[in-house]
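The values are calculated or read from the model by the stated rules, or taken from the named source; none is laboratory data. As the structure is a computational prediction, the values presented were derived from the model and not from experiment. Positions of Cβ are generated from backbone atoms using ideal geometry, with glycine treated the same way; all protein chains shown enter the neighbour counts. These area figures cover heavy atoms from the full protein model, side chains too; ligands, DNA and RNA do not enter into them. Shrake-Rupley method; radii C 1.70, N 1.55, O 1.52, S 1.80 Å.
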Amino acid sequence: CFGFPLSIFFIVINEFCERFSYYGMKAVLTLYFTRFLHWDDNFATAIYHTFVALCYLTPILGAIIADSWLGKFKTILYLSIVYAIGQAVLSVGSISELTGGSANNLALNIALSMIGLILIALGTGGIKPCVSAFGGDQFEDDQERQRGTFFSLFYLSINAGSLLSTLITPTLRASECGIHTKQECYPLAFGVPAILMAVALVVFVTGSKMYKKVKPQGNIMLEVSNCVGFAIKNRFRHRSKQFPKREHWLDWASEKYDKRLIAQTKMVLRVLFLYIPLPMFWAVFDQQGSRWTLQATAMNGDFHLEKYLIFSHVHLLQIVNPILIVIMVPVVDSVVYPLIKKCKLNFTPLKKMTVGMFLGSMAFVAAALVQVQIDKTYPVFPAAGQAQIKLINVGEIPATVQFQPQLGSVDVAPKKESGYMIFETSKLQSLHITAAALNKMESLDLLERERYTLAFKWDSTHISSNLVWDNITSKPENGRSLVRFINNFPFTVNVTMGDTDFGELDSLSVTNYSVVPKPDGSYTINASMPKDACTVVSKKFGYGSVYTISLDYCTENKLSVTYFEDIAPNTVHMAWQIPQYFLLTCAEVLFSVTGLEFSYSQAPSNMKSVLQAGWLLTVAVGNIIVLIVAGASTIDKQWAEYVLFAALLLLVCIIFAIMASFYTYIDPNEIEAQLSKEEKEEDKKDQDDNEKEGEAYSRM
């Protein structure tokens, strides 16, 4: 079909469904850890990268099974079943009703989630080296151009699946479900990918009779390992100068192993040597699912698309990468590379990968610049030995507050606030409020590193006040917003906002902070009074904000409120992440697509999956690097960590460029054909020698 084997279309469709399943689950995984399992950012990042590392360590197992035992087809089939089961277990593990809807008893949820993720890692990792190599097997030796196009089409299907899943699963997560309590619907967000994995399995089996199935040729991995081990041992035994040197150190294995295996092992080791610096690229690349996602939660995600999209703003930028991949792969393949070729530039695969690594480094420089701007917007919290206090005048006349002993004074206008002021806890003892000839003294005993709010008002005969411990020591995580209410009525009211019930509130008392479900939405605030009820529609709070709302008065059932900003909303817009995503996508097109094809083209016929597994192993090592650097690093500024990764990748890029300059491209098929010819000539020579010996013997 169009010059391609028909079987590859089943493989491409299968890959699309499998990648939808994987990336759909992965898109909400970090938020599942932080919001459902209530893990902190660092632990969630560690588990995320551990899972990704495991997904790319298991390809070694899949490659051994495929090349040595079951063959690629059966390996893909059996491990896909394990994969589908893992997705189903993860979906079940995310059901809150397993523990009665309690957020304090999540042991069963955690256990099932970890079992599901382990099975997914085994399944997806096991089939990774087999599917692309199995697709490559469908082509004849003279279909080099079609094979190259297949790898681009294969990568396109990966990102098409990623794009759709990144759009759909966050939408499913944002919907609410549950029996005891309504909350984000992770069972559905994980359940749909499980269904897609089952569809991928069915599609793959449907094309069974059309596939070209290469039989496994023994335990190749073991043979290669033994060959290398024997060569090293034999070379050590003959290290004396009396033994002549050999052209290659692997030639010392010729006493025990045939020329074909030695030649194939040389091909594999030459490529694997080039792989040594590659993990650093993946250490950078895979942070878009962890650190970059968490960076987005500290940004303003209001794209004015709330009428069209119901998933979290955090996921909006995650779809940029697959969208750009879907656009750029065909453009680069059909326009950019041909133009470079016309300019007579020798843009070899290794040069493409080098440029990709450089662009990946620049992507993290861009991320660091964005992080610097985000850090500037963070509020200042009290240090050791300090406390902060904010004054809110909910009354109708101005007031002056003096901090004793002689620590200054502040004038606060009606319905205004002072902002948080820092004091040494050992010095600040009390404050005096003065308003319209009335005075009131408020004794203070503040805890260090804490924030407090003093709400007060004048009501003709006395000054009422209420000192409240804010119980907030950092900006809300994950882009959440918090809100609380002050009752400025002279009587008790019952307060609700949307579906959140704040309960009964006495005069001048303050509620605890509650999470605003959708910071970019508006909610109806309702104050129920002894004889009436008043409502008002709230303003949009904005991501990462904290507000105190004063319930002031009611006119004709319309509630009048005043907003006091405790922590400003995120102001750096998420659109500033687009440059870093664009640079990283360009890097991915040049590095990853090229690397897949390079790994296949330079591998011997019986070691395609082994070399694909080696390529994927670099991804695992990259994620392990993230774990090590993040765990061992004492850097407390996120921008500095981004700069560290950018510098490391740039250094590795230079090393890789030097290594690549010494690499000579080969044609494994040509080498193997030459070896086959030599083997036939040797066999013929042996046969002739045997015939001559037989004739000589008969004459005797």
Residue identified as among the hydroxyl-bearing types (Ser, Thr, Tyr) and either at pLDDT below 80 or open to solvent by 10 Å² or more (accessible area, probe 1.4 Å) (or both) among Thr124, Thr149: Thr149
Subset tally (residues that are at pLDDT 90 or above and among the hydroxyl-bearing types (Ser, Thr, Tyr)) for the range 444-463: 2
Given (1) in contact (Cβ under 8 Å) with a residue 12 or more places away in the chain; (2) farther than 27 Å from Pro476 by Cβ; (3) within 17 Å of the chain's Cα centre (by Cα), index of the condition Ala630 fails: (2)
Single unsatisfied condition, Val192 versus (1) open to solvent by 30 Å² or more (accessible area, probe 1.4 Å); (2) farther than 16 Å from Ala88 by Cα; (3) at pLDDT 85 or above; (4) not small (Gly, Ala, Ser): (2)
The range 212-262 - residue that is touching a Lys or Arg at 6+ places or on another chain (Cβ under 9 Å) and touching a residue at least 60 places away in the same chain (Cβ under 8 Å) and, of those, surrounded by the fewest Cβ atoms within 10 Å (Cβ to Cβ): Lys213
Residue check for Phe4: open to solvent by 10 Å² or more (accessible area, probe 1.4 Å) and assigned to a loop (DSSP other than H, G, I, E, B): yes
Residue check, Asp67 within 26 Å of Gln138 (Cα to Cα), modelled with pLDDT under 80 and assigned by the TED database to the domain that holds Gly207: yes
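Let's see how each residue does on (1) in contact (Cβ under 8 Å) with a residue 40 or more places away in the chain; (2) open to solvent by 20 Å² or more (accessible area, probe 1.4 Å):
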{"site": "Leu407", "(1), (2)": "no, yes"}
{"site": "Val412", "(1), (2)": "no, no"}
{"site": "Val468", "(1), (2)": "yes, yes"}
{"site": "Thr473", "(1), (2)": "yes, yes"}
{"site": "Arg480", "(1), (2)": "yes, yes"}
{"site": "Ile486", "(1), (2)": "yes, no"}
{"site": "Phe489", "(1), (2)": "yes, no"}
All positions within the range 534-552 that are assigned to a strand (DSSP E or B) and open to solvent by 40 Å² or more (accessible area, probe 1.4 Å): Thr535, Val537
Search result, residues across the range 374-405 that are hydrophobic (A, V, I, L, M, F, W, C), buried (at least 17 other Cβ atoms within 10 Å of the Cβ) and over 30 Å from Ala296 (Cβ atoms): Ala387, Ile389, Leu391, Ile392, Val394, Ala399, Val401, Phe403
Condition check for Tyr56: open to solvent by 10 Å² or more (accessible area, probe 1.4 Å), of a type outside the set (S, T, N, Q) and assigned by the TED database to the domain that holds Leu201: yes
Single residue of Ile76, Ile85, Ile81, Ile95 found to be crowded, with 23+ Cβ neighbours inside 10 Å and β-branched (Val, Ile, Thr): Ile76
Residues located in the range 484-532, provided they are closer than 17 Å to Tyr547 by Cα, among the acidic types (Asp, Glu) and part of a strand (DSSP E or B): Asp501
Lone unmet requirement of (1) assigned to a helix (DSSP H, G or I); (2) under 23 Å from the mean Cα position of the chain (by Cα); (3) of a type outside the set (Ser, Thr, Tyr); (4) more than 17 Å from Leu119 (Cβ to Cβ) for Leu54: (4)
Evaluation of Ile486 against (1) among the aliphatic types (A, V, I, L, M); (2) over 26 Å from Lys531 (Cα atoms); (3) in the same structural domain as Ser538 (by the TED database) (one fails), failing number: (2)
Number of the exception - Pro579 against (1) under 30 Å from Met328 (Cα atoms); (2) buried (at least 18 other Cβ atoms within 10 Å of the Cβ): (2)
Enumeration of residues in the range 158-217 that are of a type in the set (Ser, Thr, Tyr) and assigned to a helix (DSSP H, G or I): Ser162, Ser165, Thr166, Thr169, Thr171, Tyr186, Thr206, Ser208
So Val284, is it modelled with pLDDT under 85, open to solvent by less than 50 Å² (accessible area, probe 1.4 Å), among the β-branched types (Val, Ile, Thr) and outside the structural domain of Tyr32 (by the TED database): no
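Looking for something more than 22 Å from Phe190 (Cβ to Cβ), among the polar types (S, T, N, Q) and in a helix (DSSP H, G or I) - is there at least one such residue anywhere in the range 71-92?
Yes, the range 71-92 contains a residue that is more than 22 Å from Phe190 (Cβ to Cβ), among the polar types (S, T, N, Q) and in a helix (DSSP H, G or I).
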Residues (crowded, with 20+ Cβ neighbours inside 10 Å and either of a type in the set (Lys, Arg) or more than 11 Å from the chain's Cα centre (by Cα) (or both)) located in the range 13-24: Asn14, Glu15, Phe16, Cys17, Glu18, Arg19, Phe20, Ser21, Tyr22, Gly24
Unmet criterion (only one of (1) under 12 Å from Phe456 (Cβ atoms); (2) within 47 Å of the chain's Cα centre (by Cα); (3) open to solvent by 50 Å² or more (accessible area, probe 1.4 Å)) for His432: (2)
Condition met for Ala646 (touching a Phe, Trp or Tyr at 6+ places or on another chain (Cβ under 6 Å) and surrounded by fewer than 21 Cβ atoms within 10 Å (Cβ to Cβ)): yes
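Residues checked against (1) open to solvent by 30 Å² or more (accessible area, probe 1.4 Å); (2) basic (Lys, Arg); (3) closer than 27 Å to Ser464 by Cβ; (4) touching a residue at least 60 places away in the same chain (Cβ under 8 Å):
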| residue | (1), (2), (3), (4) |
| --- | --- |
| Thr500 | yes, no, yes, no |
| Gly503 | no, no, yes, no |
| Val515 | yes, no, no, no |
| Asn557 | yes, no, yes, no |
| Met574 | no, no, no, yes |
